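Right, one structure below, let's go through it.
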Amino acid sequence: MRLVLACLLVAAAGAAAAQPYGERAEVRAFIGELVQRHGFVESELVRLFSRVQRADPVIEAMDRPAESTRGWPEYRATFLDEKRIAEGVQFWRKHRRTLERAERAYGVPPQTVVAIIGVETFYGRNTGRWRVVEALATLAFDYPGRAGFFRNELESYLLFARERGVDVFGMRGSYAGAMGMPQFMPSSARRYGVDFDKDGHVDLRRSTDSIGSVANFLKQHGWRRGAQVQLRAKAEGEARRFADGSLKPEHKLAELAAAGVELEPAPADPEAGAALVDLGSELRAGLQNFYVITRYNRSALYAAAVSDLADALAARAQSAGR
């Protein structure tokens, strides 16, 4: 009986996947919501979704993200190679005035902005090959575990395209639907994207708007101007209890030190909050700015890699006399 039921469920899922999106009941319901909430034209959305193709490789990629398939040493090495550091310094030099303007406006240092763009898209070189609308539709209607999140992002993308006058099928991005040099999800593009070059529209495919938007995102999530991001940490025995998986900076550095956690370099502010983060092969004390980076990508590995790359870029730029 269970085998029969399982076969029926598989068959039903296969039938739904084979049916064009524009004809599926849940898509029609979604269209109705967009018409009611945002004044879209129903017939136009039906035609649009009749052209949308399911992208199975997107689902496969979602099931094996880099953060879960690679350990910290391998993950870090991916982003701390010579080419990424050298080209990051070149990007910094080329856009120095824009980065300095972003620092004045938002308090985020150039090396952090450059590092995020470097990790996300290799300074704009790898912005993704998937049609954003098809990646999001696939995940919204054929990836049950996170369908709600991706339906919201699909809604945001359709609004983004309408507001910006963008061809819905013209934007390409990551398998998760992230767009442009900073790989913003559509909701973030609408909320944090800034027209930093003052040309009348936000274009995340361009460096100037991307730099301003990344800095704005970090500021809006609580970036602290001039504060440290992370400290290297060592802890044995009972002191390791602070590495409980939380990324929130809820323990004072002085508290960690008193419990036997060794910190390097010395904290600029012992009263600052931190989280003891276990990267698998080493520990870090992530401060408020570390936590802010995890709002960009909710992974301790990601935040540590961005911070390490930012430090490497700053050191190389200083030695080269930027």
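The values are calculated or read from the model by the stated rules, or taken from the named source; none is laboratory data. Computed from a predicted structure; not experimentally measured. Cβ placement follows ideal geometry from the backbone for every residue including glycine, while neighbour counts extend to all protein chains displayed. Each accessible area value is taken on the protein alone, full model and side chains, heavy atoms only, with ligands, DNA and RNA left out. Shrake-Rupley method; radii C 1.70, N 1.55, O 1.52, S 1.80 Å.
Remarks
- Kyte-Doolittle at least -0.5, axis length at least 20 Å by Cα - qualifying DSSP helices, the chain: 2-18, 147-164, 300-319
- Rg and Dmax of the stretch 211-257, Cα atoms only, in Å: 14.3, 44
- Accessible surface of the stretch 51-185 [probe 1.4 Å, protein heavy atoms]: carbon and sulfur percent: 45
- Value of Rg/Rh across the chain [Cα atoms, Kirkwood radius]: 1.03
- Relative contact order for the stretch 173-255, counting Cα pairs under 8 Å that sit 6 or more residues apart, in percent: 19
- Nearest-0.05 FRET efficiency for residue 61 and residue 41, computed from C-beta distance (R0 22 Å): 0.10
- Label sites at residue 100 and residue 266, each approximated as a point 7 angstrom past Cα along Cα to Cβ, lie 3.2 nm apart.
- Note that the chain presents 49 Å² accessible area per residue, ligands and nucleic acids not counted, probe 1.4 Å.
- Eligible lysines near residue 83 by straight Cα distance, threshold 23 Å, same-chain separation 8 or greater: 94
- Put simply, the amide H of residue 184, placed in the peptide plane, has neighbours under 5 Å in 179, leaving out anything fewer than 5 places away on its chain.
- Expressed as a whole percent, the accessible area of the stretch 204-322 that falls on carbon and sulfur atoms is 43 (1.4 Å probe).
- For the chain, relative contact order (Cα pairs under 8 Å, six or more residues apart, normalised by length) works out to 17 percent.
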